[in-house]
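Okay, structure first, notes after.
The values are calculated or read from the model by the stated rules, or taken from the named source; none is laboratory data. Small disclaimer: the values here were computed from a predicted structure and weren't measured. Glycine also receives a Cβ, built like all others from the backbone with ideal geometry; neighbour counts cover every protein chain displayed. Only protein heavy atoms, including side chains, enter the accessible area calculation; ligands, DNA and RNA are left aside. Shrake-Rupley method; radii C 1.70, N 1.55, O 1.52, S 1.80 Å.
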Amino acid sequence: MTSDASPVQREVGDLLVEQGKLTAPQLEQVRRRQKRLNLTQHHAIVDLNFASEEDTWRALAEVNQFEFVDPSTLEIKKETLELVPIKLIFHHHMLPIAGDAKALTLAFSEPPRQMEMGNLRLLLNQRCQVVLATPSAIHAVIKKHFGLGAETIQKLREERGGAELDREIVFDVQGKETDSAIEATISAFVDQILQEALRLRATDIHLEPYANAIRLRYRVDGILETVPVPADMRNLHLAVVSRLKIMAGLNISEKRLPHDGRIAMKTGDEDYDLRVSIMPTKHGEAVALRILGRQNLFLDLGQLGMAPEHEAVFGQLTQLPQGLVLLTGPTGSGKTTTLYAALAQANDEGRKIITFEDPIEYQLDGTVQIQVREQVGLTFAAGLRSVLRHDPDVVLVGEIRDFETAEIAIRAAQTGHLVFSTLHTNDSISSVTRLLEMKIEPYLIAASLVCSISQRLARRICRHCAEADLAIAPGVRKEMAQVLGLEPGAVKAWRGRGCVECNQKGHRGRVAIYEMFLLNEAITDLIQPGAKTSQLRDAARKLGWRSMRENAWQKVQDGLIPIFEQERWTRLIDPGMLKPR
């Protein structure tokens, strides 16, 4: 149906209440937000996260008597996109999804006004049929076909008289190389790169120069994803890097050495810190940005994804008067988030908390935070000695890297301090053998180490498109049944089929998988030079210890992660594969 149809006087919220996707109290809250912020009702619903974007826009299409489509699932031909000038696509935030030279089907993210459609028909000289699609789906298709920031690049071409960007643009803080309009456009382009990362909930941004192209990648849920960019971006690379350097307070003329900085940014009610790292390469400077959300920090223990028994133990660990608690796992496994959740739990008026980190990733009120500066001699070991003179009750040591740091941390844990730190080992039990390899005396480990926790971050099944996984392999079903103490028929698994909410991926967000190793006298008696991990594991299992793989199977059964994600982090490789045939 075209946009000339008279709209039905009915609210999106009313329809969602009828469908059971919104409650009456929620609708009242939506209306209050509408009035306070002057929003449309469908935007207020999505802002409050009361209904999914797809459900909300389907209701919007129904009340306005439009067809709803998901353009991200359609194969839109290049010739179809070329039927509408790119400037109109960006201006109206719409897409031609079907048609020829006589009639077009246009997907809009908002119901267009009659005057708007009349102007479009005159400009295109065609009949137009309107359908509705979610803003996220339209944005994803525009990004896929034209590249991120294509609208800004198009504006930059217009500022240069419609010419292609065949000459490198240099962003100069003095304004000698670029005029103010181009500088503003470059700044807007950088803002788009950052905003898209926040929209996708990325943790890192990588901008890498090559001989004839620029590669932009975001790390989303632990996986790097390449983001399409306009071909002209190669000639903007110097300007983009210079803009980021200015934002981070770095020297834009230094292009030979690596340097680091920090950018504070705000979007809506959220504050973010961006850790900036610049590295010179053969084809220009590569940029890596780590996005740190300040609000992400204040988690209670229930939000970490721990099993109830792990959460109970972890809560008790934060209240201990002394001892050493270690977090292990690879970079990016969420160790810092878990540690800060522990500090937030331990933080009260009666305790002094000092952290010693490299770098300080989050700001935590009520704690004294110190940055390691090895270039001036403020190492973990040297700083930790000074920290202990400040009478702390709880100490966070960012990482135990060497014998000296390990020894001071362990002795601090014996002398009335609760010490949290991280160690790079593959599992929780290996932390004992790692400390022994650092030449720490066995009796010191036995007397100070209370608990070692290993963790990984697995991608969480999208709750909007979760469905039962009916193709569980016999071997997987057998293992799950054995580990979880279930009958094979009671084993369950889920997966995400892909939807607008998760960008057709089937997963959204992450959840931690934990392995917790608590020490008691029976285990500490085994801590001797040359102690075998297998002996420690057997003793721990008698106390209820379960491996990370076993804990991950429980998350599969609970519908939190899919089977392939469990296998990605805990896959066992059969050595027998190397046997000759």
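Annotations
- C-alpha long axis of helix 150-159 to longest principal axis of the chain, angle in °: 60 degrees
- Reciprocal mean inverse distance between Cα atoms of segment 1-158 - Kirkwood radius, Å: 16.7 Å
- Using the Cβ-Cβ distance between GLN322 and GLU225 with R0 set to 51 Å, the FRET efficiency works out to roughly 0.70.
- Computed from label points 7 Å out along Cα-Cβ, the spacing between ALA447 and LYS77 is 8.0 nm.
- If R0 equals 41 Å, the separation of the Cβ atoms of HIS424 and ALA211 corresponds to a calculated FRET efficiency of about 0.70.
- Length-normalised contact order for segment 320-468 - Cα pairs under 8 Å, 6+ apart - percent: 37 percent
- When peptides 503-510, 368-375, 264-271 are sorted by average Cβ neighbour count within 10 Å, with the highest value leading, the order is 503-510, 368-375, 264-271.
- Only lysines eight or more places from LYS255 in sequence, or on another chain, were considered; those with a Cα closer than 30 Å are LYS155, LYS176, LYS245, LYS266, LYS282.
- Solvent exposure of the chain as accessible area per residue, Å², 1.4 Å probe: 49 Å²
- Across the options THR336, VAL368, VAL395, the greatest Cα extent toward the positive end of the charge dipole of segment 328-448 (unit charges at beta carbon of Lys, Arg, Asp, Glu) belongs to VAL395.
- Once the chain from GLU67 to GLU567 is taken as fully extended at 0.36 nm per residue, the excess over their C-alpha distance is 175.9 nm.
- Carbon-plus-sulfur accessible fraction, the chain (probe radius 1.4 Å, protein heavy atoms only): 49%.
- Relative to the longest principal axis of the Cα atoms of the chain, the long axis of helix 335-346 makes an angle of roughly 70 degrees.
- Crossing angle, helix 474-484 versus the chain [Cα axis fit, 0-90 degrees, rounded to tens]: 50 degrees
- Cut-off under 5 Å, modelled amide H: who pairs with GLY509 long-range: ARG460
- Debye equation applied to the C-alpha atoms of segment 322-361, log10 I(q)/I(0) at 0.17, 0.33 Å⁻¹: -0.54, -1.34
- 17 Å cut-off, amide nitrogen to a point 7 angstrom out along ARG385 Cα→Cβ, residues in segment 412-430: 412-413
- Contour minus Cα-Cα distance for THR281 and GLU467 (0.36 nm per residue): 62.4 nm
- For the chain, CYS128, CYS451 have no disulfide-compatible partner, since no other Cys C-beta lies under 4.7 Å from theirs.
- Translational diffusion coefficient (Stokes-Einstein; Kirkwood radius from C-alpha pairs) of segment 429-581 at 20 °C, 1.002 mPa s, in µm²/s: 121 µm²/s
- Descending Cα extents along the principal axes, the chain, whole Å: 85, 67, 65
- When the Cα positions of GLY261, LEU194, ALA211 are compared along the charge dipole of the chain, ALA211 comes out farthest toward the positive end, with charges on each C-beta of Lys, Arg, Asp and Glu.
- Two-decimal Rg/Rh across segment 214-266, once Rg and the Kirkwood Rh are taken from alpha-carbon atoms: 1.01
- Peptides 378-384, 17-23 ranked from most to least packed by the mean count of surrounding Cβ atoms within 10 Å: 378-384, 17-23.
- Sum of -39500 (n - 2.57) over DSSP H runs of 4+, divided by residues of the chain (222 nm, nearest 500): -11000 deg cm²/dmol
- Only Cα pairs under 8 Å and 6+ residues apart enter the sum, and on that basis the relative contact order of segment 187-267 stands at 20 percent.
- Amide hydrogen neighbours beyond the local backbone of MET94, cut-off 5 Å, H modeled: none
- Unit charges on C-beta of K, R, D, E only; dipole of segment 470-516, Debye: 240 debye
- Charged-residue dipole, Cβ positions (Lys, Arg, Asp, Glu), the chain about Cα centre, Debye nearest 20: 880 debye
- In segment 61-166, the GluC sites (Glu not before Pro) that fall in loop regions by DSSP, at most 11 other Cβ within 10 Å: GLU75, GLU82, GLU164
- Contact order for the chain, expressed relative to its length and based on alpha carbon pairs under 8 Å spaced 6+ residues apart, stands at 9 percent.
- Check: segment 305-403 dipole with +1 on Lys, Arg Cβ and -1 on Asp, Glu Cβ, in debye: 260 debye
- Listed peptides 47-60, 520-533 appear in the order 47-60, 520-533 once ranked by packing, highest mean of other Cβ atoms within 10 Å at the front.
- All-pairs Cα distance distribution in segment 218-322, expressed in whole percent, bin size 10 Å: 11, 29, 28, 16, 12, 3
- Centre separation in Å (Cα based) which lies between segment 490-541 and segment 349-427: 26 Å
- Full-extension gain in nm, ALA531 to ASN251, via 0.36 nm per residue minus C-alpha separation: 95.7 nm
- Sequence-distant residues sharing a close amide H with ILE370 (under 5 Å, placed H): THR355, PHE356, GLU357
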